[in-house]
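Structure, as structure tokens:
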Amino acid sequence: MQHVTAFSSPQTVPAAPAAVRKSGLWILDSWRDLVLYVCTPLVILPIFLLAQARWSAQDIYLFVAAFGAMGHHLPGMIRAYGDRALFQRFKWRFILAPIFLVVVCAAFSIWDLKGIVLVAFVWGVWHGMMQTYGFCRIYDAKVGSFAELTRRLDFALCGIWFATAVLLSPQRMTDTLETYYSAGGPFIPPALLRMAQQSLLAVALAVAGLFLANYVWSWTRGNRPSPVKLVLLVTSISFWWYCNNIVASVLVGIALFEVFHDVQYLSLVWIYNRKRVETDSAIGGFMRFVFRRSGSLMGLYVGLIFAYGALGYFKSSIGTESVKTILAGVVTASALLHFYYDGFIWKVREKSTRQSLGISGGGTADVSTKGFLPGWTLHGAKWVGVFVIPLGALWLGQTHTARTELDRVAMIAADLPTSARAHLNHATALQDTGRVDEAAESFSKALRLNPDSAKAHVSLATILIGKGELNDAHAHYEQALRMDPNNAEYHSGYAYLLEQLGQDDQAAAQCEAAVRLAPKSALAHYSYGAFLEKHGKLDEATAQYREAVRADPSLVDAQIDLGSALLEKGDFAGAKEHLQTASKLDPKLAQPHNYLGKIFMREGDISGAIAQFEEALRLHPDFPEAEENLRMAKTSDGGSLTLSPR
């Protein structure tokens, strides 16, 4: 094997001679290629429809993002560090890149700098596009099509249509602009964004026309590109467009294409690495052990992928916040390393790669090490251009730009006037800042764009309740529950509205539905408890408050109301425990101190009661009940007295 220095330009890894077999249309065979590479979306879609009937979009996304997105990084890592010739060839990249990326990603995660998320997103779209392009080159190579113009048009077609699908997607652009503006990016004028969208679509159509013209021309001249490639491009680009622009939930859309990407990648890497192990005796150790012809080892391969993906899946369950933050940085670094390594370890144009894919003819045995500049200089310049400069600019932007959440969502809504999510997010931020009239207008815009947004209906109903427009609010709640009948939070809110309308029996039924649908929801139990207490059912209310506290001990309102209910029932010790817990959870609240003062008065501890009432008034000077209780405590001789009513 030719020796190269650490920073030499890439050299092709020589493979052991292998018998050249006749190439055909397929990588494996027709049916396996159609299932694993070409028509995979037709297999995935029915599975996802069944999954959505059982799990939420969030659950599906979290599972796929961990075990699929992160888990599929592992096979490339195994090859990078298990193929000795490959490691020797790119030794310094494999040593320095992980250290650099883990440090940078962990630092950005610790300091909550969003630039790394945006860079990872752009690299991810590029990576997905390049995988489709790579399969195009494999299928063309299978039929001996190596024309330069065809290769360039394949690349242009994949790149322009992947970018266009994202830029024209209101859902994906809402998330992308949120990250961009959170990272301090300058405001993009709406007119400029719309011009970019229209221009990119026009260029995409023009490139598609050139691609088809070249395909027909090449076919008529006898230098025929692969027909399988044409089908692959149609299914891949159409599915990418479907996932970005048609699927209702952006999370489901991301998960759908991720599964397609993973199935293609994992199966091809298994085939490639198995071929390398069989034809290159220099490969040993763990890589040789895993990539052998064995059904059980294929199971081990999948198991290792799931085990590596578990790192991403369980990071949210780690209790220590600092460890969780660092682990989030490591997960991001894993993704960036995967994108980076795949950019140079699977090049189809190299002869060794072609041999391991069963492709005869074409390819280069070596890449020249001679050039005006050393190879490491060009490689470093690429890193500076696509990583260091963008990340540095975003870091400076975020640290030197003071933007509120309302500012960000307002810019996104201006940029994406047809995005229901953008207007919904803007309306929510307006509502949170007390600008309810503007919020109502934005919620109405969101509903005009997407009448099926249950969240927009409920949020608008909440505003209408505050304005006393109960009948209109009722109509919106009815709509929301028709769309999402299993949402416990919506049933609790509807119960409150029905109570305001005097429909107590229906309100009770909605409260019961909420706790039945979400038996572990603290808010559902708390709302039901408040309803029961208001209607004089103290024992039942106390039971619901206990369930709320059990589900979420940090729910302050539940701790306070449980304490006051126990006080009314004469359980002073239990009441004191929950009220003191509430005071610790939120030291700025005055009500727990007022209730504690009542307990001390009934226990005969006048000085303790006075201290509690004074603390309540210090925290909330305009508190008539605490003021009256303090006056009575100071004039009391410790005998029986009647405290201010609850």
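The values are calculated or read from the model by the stated rules, or taken from the named source; none is laboratory data. Nothing here was measured: the structure is a model prediction, and the numbers come from that model. With ideal geometry, Cβ positions are generated from the backbone for all residues, glycine too; neighbour counts draw on all protein chains shown.
Hey, among GLY134, GLY184, GLY222, GLY159, which residue is at positive phi and under 28 Å from the mean Cα position of the chain (by Cα)? Full working, then the answer.
Values: GLY134 fails: at positive phi; GLY222 fails: under 28 Å from the mean Cα position of the chain (by Cα); GLY159 fails: at positive phi.
Of the residues listed, the single one that is at positive phi and under 28 Å from the mean Cα position of the chain (by Cα) is GLY184.
Can you list the helices (runs of 4 or more DSSP H) found entirely within the range 451-534 that contain at least 2 residues being free of Cβ contacts under 8 Å to residues at least 12 places away in the same chain?
470-483, 504-517
Collect the residues in the range 246-268 that are more than 14 Å from SER56 (Cβ to Cβ) and in a loop (DSSP other than H, G, I, E, B), keeping them in residue-number order.
ILE246, VAL247
Taking only pairs six or more apart or across chains, which ones have beta-carbon atoms under 7 Å, a first residue in the range 333-351 that is polar (S, T, N, Q), and a second residue that is crowded, with 21+ Cβ neighbours inside 10 Å?
These pairs meet every condition: SER334/MET70; SER334/HIS73.
Could you identify the single residue in ALA85, ALA80, ALA51, ALA57 that is touching a residue at least 60 places away in the same chain (Cβ under 8 Å) and within 26 Å of the chain's Cα centre (by Cα)? Explain how you work it out, then say what you get.
Working: ALA85 fails: within 26 Å of the chain's Cα centre (by Cα); ALA80 fails: within 26 Å of the chain's Cα centre (by Cα); ALA51 fails: touching a residue at least 60 places away in the same chain (Cβ under 8 Å).
Matching residue, one of ALA85, ALA80, ALA51, ALA57: ALA57.
Residues VAL102, VAL64: which one is of a type in the set (Val, Ile, Thr), under 22 Å from the mean Cα position of the chain (by Cα), assigned to a helix (DSSP H, G or I) and surrounded by fewer than 21 Cβ atoms within 10 Å (Cβ to Cβ)? Let's see the steps before the verdict.
Numbers: VAL64 fails: surrounded by fewer than 21 Cβ atoms within 10 Å (Cβ to Cβ).
Criteria check complete, one pass: VAL102.
Might you let me know whether the range 587-601 holds any residue that is of a type in the set (Gly, Ala, Ser), modelled with pLDDT of 95 or more and outside any helix (DSSP H, G or I)?
The answer is yes; a qualifying residue exists.
Which members of the range 46-96 meet the condition of being among the β-branched types (Val, Ile, Thr) and assigned by TED's automatic domain parsing to the domain that holds GLY309?
We begin by selecting, within the range 46-96, every residue among the β-branched types (Val, Ile, Thr); these are 47, 60, 64, 78, 95.
Matches in the range 46-96: ILE60, VAL64, ILE78, ILE95.
Just checking, does the range 71-78 include any residue being among the small types (Gly, Ala, Ser), modelled with pLDDT under 95, part of a helix (DSSP H, G or I) and touching a His at 6+ places or on another chain (Cβ under 9 Å)?
To start, the set of residues in the range 71-78 that are among the small types (Gly, Ala, Ser) comprises 71, 76.
Adding the requirement that they be modelled with pLDDT under 95 leaves 71, 76.
The next check asks that each one be part of a helix (DSSP H, G or I); those that pass are 76.
Subsequent filtering for residues that are touching a His at 6+ places or on another chain (Cβ under 9 Å) retains 76.
Yes, there is a match, as at least one residue in the range 71-78 is among the small types (Gly, Ala, Ser), modelled with pLDDT under 95, part of a helix (DSSP H, G or I) and touching a His at 6+ places or on another chain (Cβ under 9 Å).
Is it the case that ILE95 is more than 24 Å from ARG151 (Cβ to Cβ), within 26 Å of the chain's Cα centre (by Cα) and β-branched (Val, Ile, Thr)?
Numbers: more than 24 Å from ARG151 (Cβ to Cβ): yes; within 26 Å of the chain's Cα centre (by Cα): no; β-branched (Val, Ile, Thr): yes.
Spelling it out, it is not the case that ILE95 is more than 24 Å from ARG151 (Cβ to Cβ), within 26 Å of the chain's Cα centre (by Cα) and β-branched (Val, Ile, Thr).
Just to be sure I understand the filter: pairs with C-beta atoms under 7 Å, separated by 6 or more residues or on different chains, first member in the range 134-157 and free of Cβ contacts under 8 Å to residues at least 24 places away in the same chain and under 19 Å from GLY209 (Cα atoms), second member in a helix (DSSP H, G or I) and not hydroxyl-bearing (Ser, Thr, Tyr). Which pairs pass?
Short answer, once both residue conditions are applied: ARG151/ARG137.
Condition check ((1) under 23 Å from GLN479 (Cα atoms); (2) outside any helix (DSSP H, G or I)) across all residues:
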| position | (1), (2) |
| --- | --- |
| LEU406 | no, no |
| ILE412 | no, no |
| PRO417 | no, yes |
| ARG421 | yes, no |
| THR428 | yes, no |
| GLY434 | no, yes |
| GLU438 | yes, no |
| LYS445 | yes, no |
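In the set ALA422, ALA461, ALA475, ALA402, which member is modelled with pLDDT of 95 or more, under 28 Å from the mean Cα position of the chain (by Cα) and not aromatic (Phe, Trp, Tyr)? Explain how you work it out, then say what you get.
On the way: ALA461 fails: under 28 Å from the mean Cα position of the chain (by Cα); ALA475 fails: under 28 Å from the mean Cα position of the chain (by Cα); ALA402 fails: modelled with pLDDT of 95 or more.
Among ALA422, ALA461, ALA475, ALA402, only ALA422 is modelled with pLDDT of 95 or more, under 28 Å from the mean Cα position of the chain (by Cα) and not aromatic (Phe, Trp, Tyr).
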